[in-house]
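*Asks:* The structure under discussion is supplied below as structure tokens; questions concerning it will follow.
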Amino acid sequence: MTNTHEYSKMDSPNSDYSAHPAHPAHPVIDSHCHLDSFDDLNAVIERAKLNNVSKIVTIGTQINDYARLRAICEQYADRCYMTIGVHPDNVSTLDERTLEETFAHITDDRVIGIGEIGLDYREHPDIDVKTCQQKAFESQLSIAQTHRKPVYIHTRNAIADTIEIASRFPDVRGVFHCFCEGLDIARKVLDLGYCISLSGIVTFRNAPLVHDIARFVPLDRLLVETDAPYLAPSPHRGKRNEPAYVRLVAEGIANLRGVPSDVICEQTTANFYELFPLAQNYSQ
Ligand SMILES: [Zn+2]
């Protein structure tokens with residue numbers, strides 16, 4: 001789920017993708033999206049295939065998401081993986097029992113990581129809500145530590161607390177998804193050993209902060225994502241996003257860094273497998 005509000009159900013996209021039959025584009029991985037939000041999933045996956053999106057990770061956000069996301073991974077077994085985790089917006093009913101239920105299948109090797117977890121203070125929550133979010137974040141980081149699974153971190157208007165809590169779990173690795181903070185924060189996140197993932201925001205003209213991040217992050221710590229159906233990259237801004245558009249994110253970063261987009265596709269793919277080794281299991 002997004003760190004900003006940019007999505008409308010206007011229409012599904014046409015097929016103007018950048019793959020060229022003569023020069024097939026380098027495979028690229030959509031490291032974060034929400035496939036359970038699509039009611040035309042066959043067509044969405046078909047377009048992703050057409051655009052050589054080799055792997056797609058669908059992200060957990062709710063208590064007991066497992067069965068629904070697992071079915072999607074079963075149906076598209078050649079490229080879909082999943083995570084288990086409870087988004088900070090959904091932790092009010094998380095207790096010991098529901099935590100245990102939610103993570104009952106954590107050892108499933110289709111579950112390549114834990115997420116999206118973290119903190120979200122956009123609604124200016126009171127201390128009780130903040131405490132509830134922080135406890136849920138800590139519990140899920142602890143599960144990640146126990147099972148040695150990397151995490152997807154969601155943070156909005158809560159970066160200081162997010163970094164403080166993450167730093168208490170030094171053995172946990174992961175990625176800050178849809179990164180929208182400044183260079184100083186990026187340095188702190190990299191010092192913690194995390195990767196930084198960029199979304200369609202990097203293609204927006206009025207996103208100078210994220211442009212700076214795209215130029216700054218070491219190539220071996222970069223991932224790309226769509227967070228679909230949210231945050232469609234230009235030229236689809238404001239429309240429904242989908243995994244096929246992750247190539248536009250890679251191209252946006254490539255333009256900012258002045259390198260061919262294949263360099264970004266290749267490197268973010270290698271970074272993804274380094275962080276999520278389980279995703280190698282079902283390689284084509
Ligand atoms: Zn998300």
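*Asks:* Please list Lys239, Lys188, Lys55 in order of solvent-accessible area, largest first, computed with a 1.4 Å probe with all protein chains present.
*Replies:* Heavy-atom accessible area, descending, gives Lys188, Lys239, Lys55.
*Asks:* If I require 20 Å or longer along the helix axis, counting alpha carbons, and a Kyte-Doolittle average no lower than -0.5, what helices from the chain are left? Use full DSSP H segments. Intermediate values should be presented prior to the final figure.
*Replies:* Working: long enough: 127-147 (30 Å, -0.43); 261-275 (21 Å, -0.09).
Those that clear 20 Å and a mean of -0.5 are 127-147, 261-275.
*Asks:* Could you work out the mean projected area of the convex hull around the alpha carbons of segment 203-246, in square nanometres to one decimal?
*Replies:* 3.4 nm²
*Asks:* Okay, moving on. Under a Cβ-Cβ cut-off of 14 Å, what is the net charge of the residues other than His105 that fall near it, where Lys and Arg count +1 and Asp and Glu count -1?
*Replies:* Numbers: positive: Arg68, Arg70, Arg110, Lys149; negative: Asp65, Glu74, Glu100, Glu101, Asp108, Asp109.
Residues near His105 contribute -2 overall.
*Asks:* Based solely on its DSSP helices, what 222 nm [θ] is calculated for the chain when runs of n ≥ 4 H residues each add -39,500 (n - 2.57) and the sum is averaged over all residues, nearest 500 deg cm²/dmol?
*Replies:* Details: 9 runs with 101 residues, N = 284.
So the helix-based figure for the chain works out to -11000 deg cm²/dmol.
*Asks:* Just the projected area, averaged over all directions, of the convex hull on the alpha carbon atoms of segment 99-236: how many nm²?
*Replies:* Computed as one quarter of the Cα hull surface, the answer is 9.3 nm².
*Asks:* OK, next. Please go through the residue pairs Lys130/Lys188; Lys149/Lys239; Lys49/Lys239; Lys49/Lys135; Lys55/Lys149; Lys55/Lys135 and name each one whose alpha carbons sit more than 29 Å apart in this structure.
*Replies:* From Lys130/Lys188; Lys149/Lys239; Lys49/Lys239; Lys49/Lys135; Lys55/Lys149; Lys55/Lys135, over 29 Å: Lys149/Lys239; Lys49/Lys135; Lys55/Lys135.
*Asks:* Let me ask something additional. I'd like the carbon and sulfur percentage of the solvent accessible area for the chain, probe radius 1.4 Å, heavy atoms only, ligands and nucleic acids excluded. Display every interim value, and only then the final one.
*Replies:* Numbers: 6070 of 12030 Å².
That fraction is 50 percent.
*Asks:* Jot down the per residue volume, in cubic angstrom and as a whole number, of the convex hull over the alpha-carbon atoms of segment 33-282. Display every interim value, and only then the final one.
*Replies:* Working: hull volume 29.9 nm³, N = 250.
About 120 Å³ per residue, rounded to a whole number.
*Asks:* For the ranges 176-187, 30-41, what's the packing order if you count other beta-carbon atoms within 10 Å of each residue, average per peptide, and put the highest first?
*Replies:* So the order, starting with the most tightly packed, is 30-41, 176-187.
*Asks:* Give the Rg (one decimal place) followed by the Dmax (whole number) of segment 73-124, computed from C-alpha coordinates and expressed in Å.
*Replies:* When restricted to the Cα atoms of segment 73-124, Rg and Dmax are 13.2, 42 Å.
The values are calculated or read from the model by the stated rules, or taken from the named source; none is laboratory data. Please read these numbers as outputs of a predicted model, since none were measured by experiment. A quick note on method: Cβ atoms are made from the backbone with ideal geometry, for glycine too, and the neighbour counts reach across all protein chains shown. Just the protein is used for accessible areas: all its heavy atoms, side chains included, with ligands, DNA and RNA removed. Shrake-Rupley method; radii C 1.70, N 1.55, O 1.52, S 1.80 Å.
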